[in-house]
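This report concerns only the one structure given below.
The values are calculated or read from the model by the stated rules, or taken from the named source; none is laboratory data. Computed from a prediction, not measured in an experiment: that's the story for all the values here. Neighbour counts run over all protein chains shown; Cβ positions are idealised from the backbone, glycine included. Surface accessibility is based on the protein's heavy atoms, side chains included, excluding ligands, DNA and RNA. Shrake-Rupley method; radii C 1.70, N 1.55, O 1.52, S 1.80 Å.
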Amino acid sequence: MRSEQLVAHRGESSLHADNSAESLQAALQAGARWIEFDVQISADGVPFLMHDGNLRRAVGLNRLAHHADWPRIQRANAKPRRNGQPRPRLLTLEEGLALLANFPHAHAFVEIKRAAFRAHGDDGAARLVAPMLDAWRQQVTVISFHAPGLEAIRRLGAWPLGWVFATWGARQRRIAEQLQPQWLFCDMDAIPPDATLWPGPWRWALYETSAPQRAREWLARGAELIECNAITAMLAACDDAPTPGAA
C-alpha cells in the first residue's frame, strides 16, 4: 500500500472536527496526497464545508443548513459550546480550497451534498460552486451522490467528476454508464464478496476503512483509492510512508 492510494476522508477526522481547517491541514501536513471534504450551501447561497444536513452538531443550531443564512450560521458558530470550549470555525468553500495552496501535489475531492442540490436546484447549486472551483481546476474533482447535480456541474466546466453510491446493483451500474464519471466512489461494505469492480472509463475509490490490511485487500481487487478517517496512522503503515510537511 502506497501513500498515494489513500484519501483523507474529511481530513484527519480521527483527531480533529471533520471538515475543519485543523482536520484538513493535519491531513495535508501528514503527507496526504488526496483529501475529501463536504459542501453544504446556506439559504443565501454560500457554499461552506459541513457534512450534516442539520447544523446542530456543527454549531448548535437546530436548523437545516439550507434554511439558515450565512451570517446566522456564523453567529451560532462563534458561540462557545455548553462546556465553554470554542467550536471549530466553519470554512467557506473558498477557504477550504485555499488550504491547497501550499500543497501543489495534493488533490481535493469536493463532495457537494444532495441536500444542497435539492434546496437550490441542480443548476442553481452548480452555479454557486463553479466560480470557486475554477481557480483550482488542476487540484479538484467534484463528487456527489446526486448524479443529476454532477451533470449540471459538467455543463459549466470540464472538472473531473466522481459519482458516489452506497448500494451495489444493476441500477447503479446503469447510472455509472450513463454519467461516465472519471471516478466511482462506493461503500466497500455494499460490494458482494464475489463481485468484480465494473470495468469502464472510471477509476475506483472505496470508502471507508482505517484498517491497513482491509485497504490492501481492496487495492488488490482493483480499487485505486481507499478513503480513511485515521489518515496519519494509515500513512504510517504505507510502504512509502511520507515525510510530514508541505509538498
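Which whole-Hz couplings ³J(HN,Hα) result when phi for each residue of the range 234-239 is put into the Karplus expression 6.51 cos²θ - 1.76 cosθ + 1.60, θ = phi - 60°, listed in order with x for Gly and Pro?
5, 4, 5, 8, 6, 5
Measuring from a point 7 Å past the Cα of ARG57 along Cα-to-C-beta, which residues in the range 11-38 have an amide N at less than 15 Å?
Within reach of a label on ARG57, which here means backbone N under 15 Å from a point 7 Å along Cα→Cβ, the range 11-38 contributes 11-20, 37-38.
Could you tell me what fraction of 2.2 N^0.38 Å the Cα radius of gyration of the chain comes to, as a two-decimal ratio? Numbers along the way, then the final one.
Working: Rg = 17.6 Å, N = 247, 2.2 N^0.38 = 17.9 Å.
So the chain has a normalised radius of gyration of 0.99.
Looking at the range 132-247 only, what percent of DSSP beta bridges run antiparallel? Nearest 5 please. Before the final figure, lay out each step's value.
Working: 0 of 14 bridges.
The antiparallel fraction comes to roughly 0 percent.
Quick one: what are the phi-derived ³J(HN,Hα) couplings along the range 131-142, Karplus 6.51/-1.76/1.60 with θ = phi - 60°, whole Hz, x for glycine and proline?
x, 6, 6, 4, 5, 10, 3, 7, 10, 9, 10, 8
Would you work out the charge dipole size for the range 137-247 about its Cα centre, treating the Cβ of every Lys and Arg as +1 and the Cβ of every Asp and Glu as -1, and quote it to the nearest 20 debye?
Numbers: 10 positive and 11 negative charges, 92 e Å.
Taking the Cα centre of the range 137-247 as origin, the dipole is about 440 debye.
Helix-only mean residue ellipticity at 222 nm, the chain, DSSP H runs n ≥ 4 weighted -39,500 (n - 2.57), per residue, nearest 500. What is it?
Numbers: 10 runs with 84 residues, N = 247.
So the helix-based figure for the chain works out to -9500 deg cm²/dmol.
With both bridge residues required to lie in the chain, what share of the DSSP beta bridges run antiparallel, to the nearest 5%? Kindly include the intermediate steps, with their values, before the conclusion.
Details: 5 of 35 bridges.
Bridges in the chain are about 15 percent antiparallel.
Could you tell me the calculated FRET efficiency between ILE175 and GLU4, based on Cβ-Cβ distance and R0 = 35 angstrom, to the nearest 0.05?
Working: r = 28 Å, r/R0 = 0.80.
Between ILE175 and GLU4 the formula returns 0.80.
In whole Å, what are the Cα extents of the range 154-247 along the three principal axes, biggest one first?
Projected onto its principal axes, the Cα set of the range 154-247 covers 40, 37, 18 Å.
Work out how much length ALA220 to GLU95 would gain on full extension: take 0.36 nm times their residue separation and subtract the Cα-Cα distance, in nm to one decimal.
On the way: separation 125, 0.36 × 125 = 45.00 nm, distance 3.61 nm.
Here the segment from ALA220 to GLU95 would lengthen by 41.4 nm.
If you roll a 1.4 angstrom probe over the protein chains with everything in place, what fraction of the accessible area of the chain belongs to carbon and sulfur, to the nearest %?
48 percent
Once each part is reduced to its C-alpha centroid, what is the distance from the range 115-135 to the range 1-49 in angstrom?
Centre-to-centre distance over Cα atoms comes out at 19 Å.
In Å², what does the accessible area per residue of the range 157-247 work out to with a 1.4 Å probe?
Values: 4280 Å² over 91 residues.
I get 47 Å² per residue for this part.
Pick out, from ILE112, PRO181, PHE165, the residue whose Cα sits farthest towards the positive end of the charge dipole of the chain, with +1 on the Cβ of Lys and Arg and -1 on the Cβ of Asp and Glu.
The residue sitting most towards the positive pole is ILE112.
What longest range of the chain stays clear of loop-exposed trypsin sites (Lys or Arg not before Pro) (DSSP non-H/G/I/E/B, at most 16 other C-beta within 10 angstrom)?
Values: sites that count: ARG2, ARG63, ARG81, ARG82, ARG89, ARG221.
Answer - 90-220.
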